[in-house]
Amino acid sequence: MRIAVAGSSGLIGAPLVRALLADGHEVVRLVRHAPQAADEARWDPKGGMVDAAALTGTDAVVNLAGAGVGDRRWTAAYKRELRDSRILGTSTLARAMAAMDEPPKVFLAGSAVGIYGDTGDRVVDESEPPGSGFLADLSVDWEAAARPAVKAGVRVAHLRTGLVVTAKGGAFGPLFRIFRLGLGGRLGSGRQYWSFVSLADEVSAIRFLLTADDVRGPVNLTAPQPLTNAEATKAMGRALHRPAVFPVPGFALQAALGEFADDVLTGQRAVPHVLTDAGFTFAHPTFDLALTAALGPSPSSSSSS
């Protein structure tokens with residue numbers, strides 16, 4: 001397949017591109033700077049422009065572009081950046097595909113499990129209506145931005161991604177560093193559910209969805225066994241051989257993160273019914289397995305191999 005990828009240098013995009021190339025696909029990386037390699041093509045998501053030649057002949061488009069939710073304190077300006085970087089980018093790609101005589105067959109459009117809002121301990125799947133809150137509202141508009149592609153007959157799947165378990169960045173990157181210092185612990189009450197996915201399963205699920213012809217609409221990219229924050233932090237302490245006895249009270253999170261703390265202190269107990277019903281198999285269905293994958297082989301195991 002010929003696949004265009006936006007967000008190709010990001011936490012998920014970079015390993016996805018490597019995997020797609022290893023699968024034998026041709027990848028066109030959409031970049032905001034002047035193209036510097038043969039596989040790069042220019043796009044300007046905020047300006048609503050994408051190089052039409054880059055999409056010509058593509059079988060699929062994958063959009064993973066967007067400012068990091070936990071990268072900065074949520075000021076009014078950064079909340080606009082979070083929205084614009086997702087909604088304008090998705091809209092740009094969807095409208096470009098809709099204008100083509102022969103649009104790509106598949107559009108895998110980024111979204112987030114935060115669309116469900118705070119679900120407490122209630123299990124939710126893709127049939128659940130959206131919740132409330134900044135991330136929920138953002139995700140609703142994010143998915144709506146793909147409608148031009150849907151109307152053009154493109155198979156659109158919304159990648160409702162959970163917390164990606166990796167030490168390389170994202171929400172878990174800072175947590176791993178804190179735990180390695182022996183300063184880890186539950187966040188707030190610890191009763192909020194975390195819907196997680198290993199980085200390897202996230203990439204594998206995207207590859208799977210490229211050819212899952214019957215799958216369209218929302219797809220939870222989350223492992224089948226979500227757990228509470230308290231359970232997750234205990235597991236991290238065990239895996240890193242560090243104590244997990246320093247709980248972070250809600251008021252401290254509010255002071256450090258601003259409005260983002262509201263989403264850290266709430267959560268979703270989301271399960272991936274669409275993926276599993278379509279036949280996808282998780283390599284890391286439990287948090288312990290996802291942690292093991294994120295931490296890699298131990299020094300003793302790698303030296304003995």
Next item on the list: Please report how far the C-alpha centroid of the range 220-252 lies from that of the range 271-298, rounded to the nearest whole angstrom.
Entry: 17
Next item on the list: Determine the principal axes of the Cα atoms in the range 1-98, then give the extent along each, sorted from largest to smallest and rounded to whole angstroms.
Entry: 42, 27, 23
Next item on the list: May I ask you to list the trypsin sites (Lys or Arg not before Pro) in the range 185-226 that are in a DSSP loop and have at most 15 other Cβ atoms within 10 Å of their Cβ?
Entry: R191
Checklist line | Sequence-separation-based contact order of the chain, relative, with Cα cut under 8 Å and 6+ spacing, percent | finding: 18
Checklist line | Projected-area mean, the range 171-293, by convex hull of Cα positions, square nanometres | finding: 7.8
Item checked: For the range 1-46 versus the range 159-187, the gap between their alpha-carbon centres in whole angstrom -> 26
Notebook entry, point to check: Net charge near A54, counting Lys/Arg +1 and Asp/Glu -1 over other residues with Cβ under 11 Å of its Cβ?
Noted result: 0
Notebook entry, point to check: Can you give the three extents of the C-alpha atoms in the range 66-153 along their principal axes, from longest to shortest, in whole Å?
Noted result: 45, 32, 15
Note to self: Straight-line reach only, C-alpha to C-alpha below 30 angstrom: list the lysines that K168 could link to, leaving out same-chain residues fewer than 8 apart.
What the structure shows: K46, K79, K234
Next item on the list: Using DSSP, restrict attention to beta bridges with both residues in the chain and report what percent are antiparallel, rounded to the nearest 5.
Entry: 10
Check: What's the local net charge at M1, with K and R +1, D and E -1, over the other residues with C-beta under 12 Å away?
Finding: 0
Next item on the list: Pick out which of S204, S91, S127 has the largest mean-square fluctuation in a Gaussian network model of the chain, springs linking Cα atoms closer than 10 Å.
Entry: S127
Check: At a Förster radius of 25 Å, what calculated FRET efficiency corresponds to the Cβ-Cβ distance of D59 and D84, to the nearest 0.05?
Finding: 0.30
Next item on the list: Please give the helix 229-240 orientation as an angle from the longest Cα principal axis of the chain, in degrees from 0 to 90, rounded to the nearest 10.
Entry: 80
Check: With axes computed from alpha carbons, what is the tilt in degrees of helix 199-210 against the longest principal axis of the chain, rounded to the nearest 10 within 0 to 90?
Finding: 30
Next item on the list: Identify the residues of the range 44-87 with backbone N under 18 Å of a label point that sits 7 angstrom from the Cα of Q36 along the Cα-to-Cβ direction, or state none.
Entry: 44
Notebook entry, point to check: Per residue and in cubic angstrom, what volume does the convex hull of the Cα atoms of the chain have?
Noted result: 137
Next item on the list: Would you mind checking the radius of gyration and Dmax of the range 93-247 based on alpha-carbon positions, in Å?
Entry: 17.9, 59
Margin query: At 1.4 Å probe size, with the rest of the protein present, what percent of the exposed accessible area of the chain is carbon and sulfur atoms?
Written below: 53
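The values are calculated or read from the model by the stated rules, or taken from the named source; none is laboratory data. If you're wondering where the values come from, they're calculated on a predicted model, not measured in any experiment. For neighbour counting, all protein chains shown are included, and Cβ atoms are generated from backbone atoms with ideal geometry for every residue, glycine included. Surface areas here come from the heavy atoms of the whole protein model, side chains and all, with no ligands, DNA or RNA. Shrake-Rupley method; radii C 1.70, N 1.55, O 1.52, S 1.80 Å.
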